[in-house]
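Following: one structure in C-alpha cells, then a few remarks.
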Ligand code: MBD
Ligand code: FE
C-alpha cells in the first residue's frame, strides 16, 4: 500500500502530462507569428552558446536532460515553474481587479461542488492547522457577484496534491465552492505545507546541478469566476511563511499574501480575503 511519501517525480510528472493532454488547446497562431517566435527562441539559444562558449560535452548533457524531462513527464512542471509567470504577467497586465498568478501543473477541473459555507473534502484525520478561508467576490465597481464560484485546490500538510501522489482520496483538498447571493464563501480546510520540487526527476537534477533551492511557499490555488466576468486564476500565500520571498516559481505578489488570525471558534486560524473580478 503506497503512501503519499512514496510519490515519484515520474509518476506525478506523467499524471500532470496526461491531465494537460486532456485540456483543449487552440491558439490558432498564424504561420508568420509561429515563424517569428520560433526563430527568436532558437536565436536566443544560439546567442547563449556563443556568449558562453558552450562545449560539445555541455551540449550532450543538455540533450540528455531535455530527453529526461520528457521521459519523466516533467514538461508541465518545468514550464509552469520557470516560464509561466512571465506569460501570466503579459496576459493580465491590464487587469483592474484582483492580481492573478500562475495556475501550475496540479489543477484538476470538475472538483465536487460545495455550498457557500463548506468543508473541503478531506480525510477524517487530515493533519494540519485548521483554516477557515472566507470572503466575498465583487466586481471592480464593488458590486457583490451572485453566482460566483471559487474553485480551490491545495497541497496537504506534507506538501502533496491529491491525484499527483499515491494514497490520497481522489478529491482531497479540492472543491468548487458556489458562493451565496452576496458572492460570499466560507471554506474550512487546513493550512497547506510548502511544496518541494521532486528531487528524483529531471527538474530536481537541474536544481541540484545549479545549486538552487527547490521550494515554493505554502499556497492555496483558486480559480474564481462569475457570469459576465473574467476568470481569475490566483494563489494565496501566508505572511512570514518560508520561501514567500524566494519562490522558485516567482509567482508571489504582495497583494496575494494572507495574514490569518486565530479562529473565532478557537480551532486553528481564519482569514478573510475578497476577490475582485474584471468585466469580460
Ligand atoms: C506547484 O504546486 C505549483 O503551484 C507550481 C506553480 C509549480 C509546481 C508546484
Ligand atoms: Fe501549487
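The values are calculated or read from the model by the stated rules, or taken from the named source; none is laboratory data. Keep in mind the model is a prediction, meaning the values are calculated, not measured. FYI the Cβ positions are ideal-geometry reconstructions off the backbone, even for glycines, and counts take in every protein chain you see.
Some notes on this structure:
- Filtered by the rule that a residue be surrounded by 20 or more Cβ atoms within 10 Å (Cβ to Cβ) and more than 16 Å from ligand 2 (Cβ to nearest atom), the stretch 70-81 gives 72, 73.
- The numbered conditions (1) over 28 Å from residue 83 (Cβ atoms); (2) part of a loop (DSSP other than H, G, I, E, B); (3) out of contact with any helix residue (DSSP H, G or I) (no Cβ under 8 Å at 6 or more places or on another chain) are all true for residue 245 except (1).
- Within the stretch 58-72, residues that are farther than 19 Å from residue 48 by Cβ have Cβ atoms under 6 Å from residues that are part of a helix (DSSP H, G or I) in these pairs: 68/202; 72/9; 72/10; 72/13; 72/202, counting only partners at least 6 apart in sequence or on another chain.
- When we screen 73, 147 for residues that are at pLDDT below 95 and at positive phi, the only hit is 147.
- Residue 223 vs. criteria away from ligand 2 (no atom under 12 Å from the Cβ) and under 14 Å from the mean Cα position of the chain (by Cα): yes
- Residue match in the stretch 16-28 (condition: without any contact (Cβ under 8 Å) to a residue 60 or more places away in the chain, over 25 Å from the mean Cα position of the chain (by Cα) and more than 20 Å from residue 80 (Cβ to Cβ)): yes
- Looking across the stretch 123-170, the residues that are within 14 Å of ligand 2 (Cβ to nearest atom) and either more than 21 Å from residue 14 (Cβ to Cβ) or without any contact (Cβ under 8 Å) to a residue 12 or more places away in the chain (or both) come down to 151, 152, 154.
- Taking the criterion of being assigned to a loop (DSSP other than H, G, I, E, B) and within 16 Å of ligand 2 (Cβ to nearest atom), the residues of the stretch 226-242 that qualify are 241, 242.
- Test: residue in the stretch 82-105 that is buried (at least 19 other Cβ atoms within 10 Å of the Cβ), on the phi > 0 side of the Ramachandran plot and either within 15 Å of ligand 2 (Cβ to nearest atom) or in a loop (DSSP other than H, G, I, E, B) (or both): yes
- Flag for residue 251 being under 26 Å from residue 139 (Cα atoms), part of a loop (DSSP other than H, G, I, E, B) and either touching a strand residue (DSSP E or B) at 6+ places or on another chain (Cβ under 6 Å) or within 11 Å of ligand 1 (Cβ to nearest atom) (or both): yes
- Residues of the stretch 106-122 classified as in a loop (DSSP other than H, G, I, E, B) and more than 16 Å from ligand 2 (Cβ to nearest atom), total: 6
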